[in-house]
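Everything on this sheet refers to the single structure shown next.
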Amino acid sequence: MKVYKIVVTGPFNAGKTAFIRAVSDIDMVTTERRISDPQVAVTVKPETTVAMDYGQKRLGDVLLHLYGTPGQMRFEFMWPILAKEMDAFVLLVDSTDRASFMDAKQVIRLFRKQAKVPYVVAANKQDRSVALSPAEIRRLLSLSENIAVVPCVAQDRASALNVLEHLCQLLA
Ligand SMILES: Nc1nc2c(ncn2[C@@H]2O[C@H](COP(=O)(O)OP(=O)(O)OP(=O)(O)O)[C@@H](O)[C@H]2O)c(=O)[nH]1
Ligand SMILES: [Mg+2]
């Protein structure tokens, strides 16, 4: 059995926790806490990841340990801890939230700095009519053609699995 450590990262509210919940073979571990800012809690969502998510996915003879990061910059101190000895990462973006793309670029930069490992970009929330296409996301994030931008609906198991299958192709 080949075992890999995969980090699932991306900006606040991108769908990282939903992704791991949908795809994990085991009940995932979360560290979600209530959002203290009432404005964000009401208009965006009630809870956010403060330390990490954890799940597992087996694909044939490959076992993926999935570590989800917090998205909020104030929990950025967790990123290098989670990135330690990672084999690859998934960068999730909310395809409906252009304003988050600056953060997405920053997240890619920081994770690439930790280790030169392969990654795929998941263009999440493709079920929403206002979602930007993977091609538009590639352009806005200035990604080269050799980086896969995979359309995704994180809550959908098959869709999340498809992202991991793309990633697996990049693992040695
Ligand atoms: N329509 C739609 N909503 C989604 C999708 N994925 C996640 N969501 C919703 O988007 C919101 C954020 O999802 P989370 O999984 O909490 O996102 P996160 O990236 O873990 O967020 P933080 O940990 O706070 O950074 C939730 O309300 C989800 O239900 C998707 O593919 N489509
Ligand atoms: Mg989360």
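Of ALA22, ALA14, all but one fail to be part of a loop (DSSP other than H, G, I, E, B), open to solvent by less than 50 Å² (accessible area, probe 1.4 Å) and within 15 Å of ligand 1 (Cβ to nearest atom); the exception is ALA14. Among ARG74, ARG109, which is the only one that is away from ligand 2 (no atom under 16 Å from the Cβ), more than 14 Å from the chain's Cα centre (by Cα) and open to solvent by 20 Å² or more (accessible area, probe 1.4 Å)? It is ARG109. When region 1-28 is examined, which residues are found to be of a type in the set (A, V, I, L, M, F, W, C) and either within 12 Å of ligand 2 (Cβ to nearest atom) or within 14 Å of GLY71 (Cα to Cα) (or both)? Selection gives VAL7, VAL8, PHE12, ALA14, ALA18, PHE19, ILE20, MET28.
Can you tell me which residue in region 29-53 is most open to solvent (accessible area, probe 1.4 Å), limited to those that are in a loop (DSSP other than H, G, I, E, B) and more than 13 Å from ligand 2 (Cβ to nearest atom)? Please lay out each step first, then the result.
We begin by selecting, within region 29-53, every residue in a loop (DSSP other than H, G, I, E, B); these are 30-31, 35-37, 44-46, 50-52.
Still in the running and more than 13 Å from ligand 2 (Cβ to nearest atom): 36-37.
Working: SER36: 95, ASP37: 73 Å².
So the residue we want is SER36.
For region 57-71, a residue qualifies if it is open to solvent by less than 50 Å² (accessible area, probe 1.4 Å) and either more than 9 Å from ligand 2 (Cβ to nearest atom) or on the phi > 0 side of the Ramachandran plot (or both), and the qualifying residues are LYS57, LEU59, VAL62, LEU63, LEU64, HIS65, LEU66.
The values are calculated or read from the model by the stated rules, or taken from the named source; none is laboratory data. Just so you know, these numbers come straight off a predicted model, no measurement behind them. No Cβ is skipped: glycine too gets one built from the backbone with ideal geometry, and neighbour counts run over all protein chains shown. Calculation scope for accessible area: heavy atoms of the full protein, side chains included, ligands and nucleic acids excluded. Shrake-Rupley method; radii C 1.70, N 1.55, O 1.52, S 1.80 Å.
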